[in-house]
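Comments concern the structure below.
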Amino acid sequence: MRPNAPNPFNPSTIMNFVTGSSSELVHLEIYDARGHKIRSFLGVPLAAGQHQVRWDGKDNTGRNCASGVYPARLRQGGQQQVMKMTLVR
C-alpha cells in the first residue's frame, strides 16, 4: 500500500495500492479504533498493477464515521499490509 491522500482527510481520501497475481482475491477493509471492521471494499481478483479506492468516510451502512484514526488492511493471498488514515470532521 502507498500512503493515502489526502491524510488527514475530510470528506474523502484515495487509497493507492499495487497488486500481484490476478488469480488471488484482493480485500481492502477499514477498521475503527476498537478493531471492528466498519467498511469492506473489493473481495474480487484484480489485474496485477496499480489500483486506487476512494473512501468517503462512511461505514458499510452509509453512516458518517466520527473523527479519528482508521487502520486500513489490504489482503491478497497470504500477504497483508496495514496503514493508518486520519479522518477529521
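Each value in this text was obtained by applying a stated rule to the coordinates, not by laboratory testing. These numbers were taken from a predicted model, which means no experiment stands behind them. Here the Cβ is made from the backbone with ideal geometry for all residues, glycine too, and neighbour counts use every protein chain on show.
Which of the listed residues, Leu87, Ala48, Gly77, is farthest toward the dipole's positive end in region 33-89, when Lys, Arg count +1 and Asp, Glu count -1 at the beta-carbon?
Leu87
Around Ser12, what is the net charge, scoring Lys/Arg as +1 and Asp/Glu as -1 over all other residues with Cβ under 13 Å from its Cβ? Show your work: numbers first, answer last.
Details: positive: Arg39, Arg54, Lys58, Arg89; negative: Asp56.
With Lys, Arg at +1 and Asp, Glu at -1, the neighbours total +3.
Tell me, what HN-Hα J-couplings in whole Hz come from the Karplus equation 6.51 cos²θ - 1.76 cosθ + 1.60 at θ = phi - 60° for each residue of region 54-59, using x for Gly and Pro?
Once θ is set to phi - 60°, the couplings for region 54-59 become 9, 10, 8, x, 10, 8 Hz.
Taking the Cβ of Pro45 as the centre, find all other residues whose Cβ is under 13 Å away and add up their charges (Lys, Arg: +1; Asp, Glu: -1).
Surrounding charge for Pro45 is 0.
Given just the C-alpha atoms of the chain, how large is their convex hull per residue in cubic angstrom?
Cα convex hull per residue, to the nearest whole number: 81 Å³.
Please tell me the relative contact order of the chain in percent, rounded to the nearest whole number, where contacts are Cα pairs under 8 Å and at least six residues apart.
Relative contact order here is 34 percent.
If Lys and Arg each add +1 and Asp and Glu each add -1, what is the summed charge of the other residues whose beta carbon sits under 15 Å from the beta carbon of Ala33?
Taking every Cβ under 15 Å from that of Ala33, the sum is +3.
What is the magnitude of the charge dipole of the chain about its Cα centre, with +1 placed on the Cβ of each Lys and Arg, -1 on the Cβ of each Asp and Glu, and no other charges, expressed in debye to the nearest 20?
Using Cβ point charges on Lys, Arg, Asp and Glu, the chain gives about 200 debye.
How do 58-64, 69-75 rank on mean C-beta neighbours within 10 Å, highest first?
By packing density, highest mean first, the sequence is 69-75, 58-64.
Using modelled amide H (1.01 Å from N, peptide plane; none on Pro or chain starts), what sits under 5 Å from the amide H of Val26, excluding residues fewer than 5 places away?
Gly43, Val44, Leu46
Mark the label point 7 Å from the Cα of Met1 along Cα→Cβ and return the residues of region 62-89 whose backbone N is within less than 13 Å of it.
Residues 69-76, 80-87 fall inside that zone.
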